[in-house]
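Inspection log for the structure reproduced underneath, given as structure tokens.
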Amino acid sequence: MHETSSVEISIRQARTSDRDRIIQLHSQSIQQLCTADYNPAQIQALLEDKKVYGAKSWGDVVLVAEYGEEIVGFSALMQGTVSAMYVHPKWTRQGIGKCLLQAIEREAIFRRWQWLFVKASITAVPFYQACGYQILHPTQMMVARREWVPCVDMQKQLLVTINRQRLPSRQAETCWQIVQSCLVCLIVLVAIAKMMQWFLPR
């Protein structure tokens, strides 16, 4: 495990040239971090599944975390779901996963999504719970078209964060409504003054 700080980790959009390194990190993470929760057949199916589908199944948005020029983690977002969240085994418990997840959540907020969902591995459930996700129900998924792998459906509400971000624009809208009302009142007063000029004796 490396000793580092969040300042030294940078997060950016993944590039096409990152593909092989991401796939390698993905496989190493599954092989070394998931063995306590999945049997050898399930691990092998997960590895085969990643080799077959690779980047195709990651998502609409793919982010990588870098330490220097080394990719130490990646995350992905697809249609309101966290479709990938992996950190290299050497770099766990350094806050990298949390940084990646927060970056994905910011992207979801930017898209005005109120909820974010994840089909979490058994291994990752404590991590997501620590980041504010709630368990919906245990489930399973078919991997490599032959092996059922248990996982957990989880969700997090982003509505509160979205409302806070919209607060400044709502305040501006309220101020503009007040200005409009004042302008209407001024126009009415001017109109009344004009009418009075016509009816008052000269």
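The values are calculated or read from the model by the stated rules, or taken from the named source; none is laboratory data. Remember, predicted model here, so these are calculated numbers, not experimental data. FYI the Cβ positions are ideal-geometry reconstructions off the backbone, even for glycines, and counts take in every protein chain you see. For accessibility, only protein heavy atoms count, side chains too; no ligands or nucleic acids. Shrake-Rupley method; radii C 1.70, N 1.55, O 1.52, S 1.80 Å.
Numbers at a glance
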read-out: Hey, T35 in a loop (DSSP other than H, G, I, E, B), open to solvent by 70 Å² or more (accessible area, probe 1.4 Å) and of a type outside the set (K, R) or not; value: yes
read-out: Any chance A76 is within 19 Å of the chain's Cα centre (by Cα), more than 16 Å from S10 (Cβ to Cβ) and open to solvent by less than 10 Å² (accessible area, probe 1.4 Å); value: yes
read-out: Selection within region 86-113 - open to solvent by less than 30 Å² (accessible area, probe 1.4 Å) and not small (G, A, S); value: V87, H88, P89, W91, I96, L100, L101, I104, E105, I109
read-out: Scan of region 95-141 for residues that are in contact with a Ser or Thr (Cβ under 6 Å, 6 or more places away or on another chain) and not in a helix (DSSP H, G or I), ordered by number; value: G95, F117
read-out: Subset of region 1-15 (residues that are at pLDDT below 90 and either loosely packed, with under 11 Cβ neighbours inside 10 Å or under 12 Å from L100 (Cβ atoms) (or both)); value: M1, E3, S5, S6, V7
read-out: Close pairs from region 128-146: first open to solvent by 90 Å² or more (accessible area, probe 1.4 Å), partner polar (S, T, N, Q), Cβ under 7 Å, at least 6 apart; value: Q134/Q155
